[in-house]
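The values are calculated or read from the model by the stated rules, or taken from the named source; none is laboratory data. In this text, all values refer to a predicted model and were calculated from it rather than measured experimentally. Here Cβ is always computed from backbone atoms with ideal geometry, including for glycine, and neighbour counts include all displayed protein chains.
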Amino acid sequence: MKTVLIAILLWSGGARAESALFVGPIFGETSYSTSSGGTNRDSQSSYGGEGLYVWNNWMGGLSYSEYSVAPTGNSTFNVGQDDKDIEAEIKYRFLMGPLSPFIGLGAGTLIQTVKTSLFEANESDQGDFFIKEVGGGVLWKFMSNFGVSATAEYYQYSNVTGFKYYITLGFFPVF
Amino acid sequence: MKSVFQIFLMSFWALFCALGCSSTFEPGAGGTYKVRIPISDRAGHYHLETVTLTSVTNLSSLSGSVVNLRVNGQTQEHLQSNGMKQVWITNMGTVPTAHFIKSGDVYIPADHETSVMTTLVYQFEQIKSFYDKYNGNSGLSFPRTALLNMRRVISDGTNREARNNVEYVAGLDFFVIQPYDQDLMPIPTNGGILAHEWWHSAFEAKRKFYAETRENALGNTQTNRLICRNYYQYSGLNEGIADYFGYAYSGHTFFGADSLNSAYISNRDLSDPKSLTDEGADTDEAGVCKAKDEGYSLGAGIGHFLYVLSEDWGIDEATKAAFNFLNMYMRLYNTDVDKTFIGLKRILPLFFENHPPSAALCEKIQKLTSIPEAYSGFCLKLSDSKPLEGKNK
């Protein structure tokens, strides 16, 4: 086991001091518990962006993602939803080489817009929630300035829980 | 580094656990919740309105003192050889987790399902209050149970699923609402339909109180022609008065059409004239009790009859008469179900025990039936003259 760990460390570049930005768009899937209760879930495609400051084993920054839930119901009465999620994140990576697993947590605001349509009338209302999440993933720096991270997170706001799976296509700008 | 990592993990757990799963739906003044849901006015026009839920103690599950909900279960229906349906629940479904956003002090349902469920709870609160005015909830246990979006699989070889209907299942004391796929207002948002079903539960409570012992003693004796005919009258009255209560609560004579375009509601606009008849069910040669239409034609006649009363007396008085009728009818049914035919001649006078009809009302009633004996007694008493005769078409 020790040999394997040493091999990974050597392959990943070993421990060396690092300080950089990692920014880029994110694409993924967000699942959420439905009003039916139990384990019923739906999911939607989500997109946004992420910016992290990388300092040795630590990464911290902001992420933004959004998704829409198409109106459900029928043409007479339906309700749709737009969700925008902005969070502060902190992540800890176990290795500082090109391939680095990490865990992290985040907290922020989910802004939810509900659009209700009843016969000819339409209403739009907005509410916000404190959202928090925990997860982990892998960061792969495959060129000197580019990398990809794959992240899976469990989140909760109000009485809604769900999972986010997303990929960040990032680059490390050189200053 | 190890200690930094430990602090990181502890912070994370503190964040998740401390802020974790506490409810974010705080009630307003008096423990009530303001919600914005689709409501119908008395002309049958729907609009979004902010109303107050007074019975709900947990907004997430929408549970409270009036009704508890479960969603997405399944029932199985089997048609027995004697024509009776046997229904059993194979999956009770789950307790809902309603989603809301808060705008000011008003909770806005965040999805269609939540909006439908919330409207159902509000309508049940209002219907309970409506029935309370007439002491019409006696014998009912609270909270009531409503099973929404219940799949109804019919075991007839096809395993087809029934849709777009609601029923009160007396044996279980549940309201069961099937999945809805029409392009109108969903059934749980239709106060008239819900008040109709609520009547069935009130009717059942009275049956249990007055007639259950008697029915049990009689056993399954619908092969008896008299009991068969009386049972048909009983079913027809149940349906007809239920339609009237849908109207009395909603103010809309054709409330069913807000949600359903099925053929079986096509003749159920209470303002459309319907005739009152004693014809309907009978035993066939094999002794099987056959109802033409499970009581709907008599029901439609009774529903229109009560509508006519409400036009003359007002909804409040007609509703009182309906409840007064229910108590007297159940006693009569208990004593006479296997002795004499409980037809219109014995049914109609019960509506006028406390409120004799005017001559004008008698004329209207006369037009509804070709059975003079059905009204000659109480109309004679009023005018102290000859009873009105014949059918005025």
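Please work out which residue is farthest from the chain's Cα centre (by Cα), limiting yourself to the stretch A:121-156 and to residues that are small (Gly, Ala, Ser) and more than 17 Å from A:Gly104 (Cα to Cα).
Kept after step one, since they are small (Gly, Ala, Ser), are these residues of the stretch A:121-156: A:121, A:124, A:127, A:135-137, A:144, A:147, A:149-150, A:152.
Imposing the further condition that a residue be more than 17 Å from A:Gly104 (Cα to Cα) reduces the set to A:121, A:124, A:127, A:144, A:147.
Working: A:Ala121: 35, A:Ser124: 26, A:Gly127: 21, A:Ser144: 24, A:Gly147: 16 Å.
Out of the qualifying residues, it is A:Ala121.
Could you check the stretch B:153-162 and list, in sequence order, the residues that are surrounded by fewer than 13 Cβ atoms within 10 Å (Cβ to Cβ) and without any contact (Cβ under 8 Å) to a residue 24 or more places away in the chain? Walk me through how you get there before you give the answer.
Going residue by residue through the stretch B:153-162, those that are surrounded by fewer than 13 Cβ atoms within 10 Å (Cβ to Cβ) are B:155-160.
B:Gly157, B:Thr158, B:Asn159, B:Arg160, listed by residue number.
Since A:Tyr92 meets every condition but one in (1) among the hydroxyl-bearing types (Ser, Thr, Tyr); (2) within 14 Å of another protein chain (Cβ to nearest Cβ); (3) under 26 Å from A:Lys115 (Cβ atoms); (4) part of a strand (DSSP E or B), which condition does it not meet?
With respect to (1) among the hydroxyl-bearing types (Ser, Thr, Tyr); (2) within 14 Å of another protein chain (Cβ to nearest Cβ); (3) under 26 Å from A:Lys115 (Cβ atoms); (4) part of a strand (DSSP E or B), A:Tyr92 is out only on (3).
Quick one: is A:Val134 touching a residue at least 24 places away in the same chain (Cβ under 8 Å) and touching an Asp or Glu at 6+ places or on another chain (Cβ under 6 Å)? Step through it out loud before you land on a result.
Working: touching a residue at least 24 places away in the same chain (Cβ under 8 Å): yes; touching an Asp or Glu at 6+ places or on another chain (Cβ under 6 Å): no.
No: the conditions fail for A:Val134.
When only residues in the stretch B:130-172 that are within 17 Å of B:Met92 (Cβ to Cβ), outside any strand (DSSP E or B) and not small (Gly, Ala, Ser) count, which is modelled with the lowest pLDDT?
B:Leu172
Among the numbered criteria (1) more than 12 Å from chain B (Cβ to nearest Cβ); (2) assigned to a strand (DSSP E or B); (3) touching a Gly at 6+ places or on another chain (Cβ under 6 Å); (4) not basic (Lys, Arg), which one does A:Val138 miss?
The one condition A:Val138 does not meet is (3).
In the list A:Ser100, A:Ser65, which residue meets the criterion of being at pLDDT below 95, in contact with a strand residue (DSSP E or B) (Cβ under 6 Å, 6 or more places away or on another chain), buried (at least 20 other Cβ atoms within 10 Å of the Cβ) and of a type in the set (S, T, N, Q)? Full working, then the answer.
Details: A:Ser65 fails: at pLDDT below 95.
Going through A:Ser100, A:Ser65 in turn, the sole match is A:Ser100.
Suppose we keep only residues that are among the charged types (D, E, K, R) and surrounded by fewer than 16 Cβ atoms within 10 Å (Cβ to Cβ) within the stretch B:259-293. Which one would you say is modelled with the lowest pLDDT?
B:Lys292
For A:Phe163, only one of the following conditions fails: (1) farther than 24 Å from B:Asp111 by Cβ; (2) more than 10 Å from chain B (Cβ to nearest Cβ); (3) of a type outside the set (S, T, N, Q). What is its number?
Unmet for A:Phe163, out of (1) farther than 24 Å from B:Asp111 by Cβ; (2) more than 10 Å from chain B (Cβ to nearest Cβ); (3) of a type outside the set (S, T, N, Q): (1).
Please determine, by comparing only the residues of the stretch A:61-81 that are more than 11 Å from chain B (Cβ to nearest Cβ) and of a type outside the set (Phe, Trp, Tyr), which one is farthest from B:Tyr180 (Cα to Cα).
A:Gly61
Determine if the stretch A:79-98 includes at least one residue that is in contact (Cβ under 8 Å) with a residue 24 or more places away in the chain and on the phi > 0 side of the Ramachandran plot.
No - not one qualifying residue is present in the stretch A:79-98.
When the stretch B:106-140 is examined, which residues are found to be touching a residue at least 60 places away in the same chain (Cβ under 8 Å) and within 14 Å of chain A (Cβ to nearest Cβ)?
Residues satisfying the conditions are B:Val106, B:Tyr107, B:Ile108, B:Pro109, B:Ser115, B:Val116, B:Met117, B:Thr118, B:Thr119, B:Leu120, B:Val121.
May I ask you to list pairs of residues, at least six apart or on different chains, whose Cβ atoms are under 6 Å apart, with the first in the stretch B:245-261 being within 22 Å of B:Gln178 (Cα to Cα) and the second being acidic (Asp, Glu) and surrounded by fewer than 24 Cβ atoms within 10 Å (Cβ to Cβ)?
Every condition considered, the pairs that remain are B:Phe254/B:Asp269.
Does at least one position in the stretch B:204-227 carry a residue that is more than 14 Å from every other protein chain (Cβ to nearest Cβ), closer than 30 Å to B:Ile39 by Cβ, in contact with a helix residue (DSSP H, G or I) (Cβ under 9 Å, 6 or more places away or on another chain) and modelled with pLDDT of 90 or more?
Yes, that holds for at least one residue.
Just checking, how many residues over the stretch B:21-34 are farther than 17 Å from B:Gln126 by Cβ and either in a loop (DSSP other than H, G, I, E, B) or under 24 Å from the mean Cα position of the chain (by Cα) (or both)?
Residues meeting the conditions: 8.
Right, B:Phe12: within 13 Å of chain A (Cβ to nearest Cβ), crowded, with 17+ Cβ neighbours inside 10 Å and modelled with pLDDT under 85 or not?
So B:Phe12 fits the description; yes.
Between a first residue in the stretch A:105-128 that is more than 7 Å from chain B (Cβ to nearest Cβ) and a second residue that is crowded, with 19+ Cβ neighbours inside 10 Å and among the acidic types (Asp, Glu), which pairs have beta carbons less than 6 Å apart while being 6 or more apart in sequence or on different chains?
Note: pairs meeting the criteria are A:Gly106/A:Glu87; A:Gly106/A:Glu89; A:Gly106/A:Glu133; A:Gly108/A:Glu87; A:Leu110/A:Asp85.
Condition first: among the polar types (S, T, N, Q), in contact (Cβ under 8 Å) with a residue 60 or more places away in the chain and more than 14 Å from chain A (Cβ to nearest Cβ). Now tell me which residues in the stretch B:141-152 satisfy that.
Of the stretch B:141-152, the ones among the polar types (S, T, N, Q) are B:141, B:145, B:149.
Okay, now just the ones that are also in contact (Cβ under 8 Å) with a residue 60 or more places away in the chain, so B:145, B:149.
Listed by number, the list holds a single entry, B:Thr145.
Answer with yes or no whether B:Phe305 is in contact with a strand residue (DSSP E or B) (Cβ under 9 Å, 6 or more places away or on another chain), part of a helix (DSSP H, G or I), in contact (Cβ under 8 Å) with a residue 40 or more places away in the chain and in the same structural domain as B:Glu373 (by TED's automatic domain parsing).
Yes: the conditions hold for B:Phe305.
Any idea which residue in the stretch B:35-68 is farthest from A:Phe129 (Cα to Cα), counting only those that are outside any loop (DSSP other than H, G, I, E, B) and away from every other protein chain (no Cβ under 13 Å)?
Filtering first and then ranking leaves B:Val67.
Out of all the residues in the stretch A:124-175, which are under 17 Å from A:Gly48 (Cα atoms) and of a type in the set (Phe, Trp, Tyr)?
If the condition is that a residue be under 17 Å from A:Gly48 (Cα atoms) and of a type in the set (Phe, Trp, Tyr), then A:Tyr155, A:Phe163, A:Tyr165, A:Tyr166, A:Phe171 are the ones that fit.
Name the one entry in A:Gly48, A:Gly37 that is in contact with a strand residue (DSSP E or B) (Cβ under 7 Å, 6 or more places away or on another chain), buried (at least 16 other Cβ atoms within 10 Å of the Cβ) and at pLDDT 95 or above.
The unique qualifying residue is A:Gly48.
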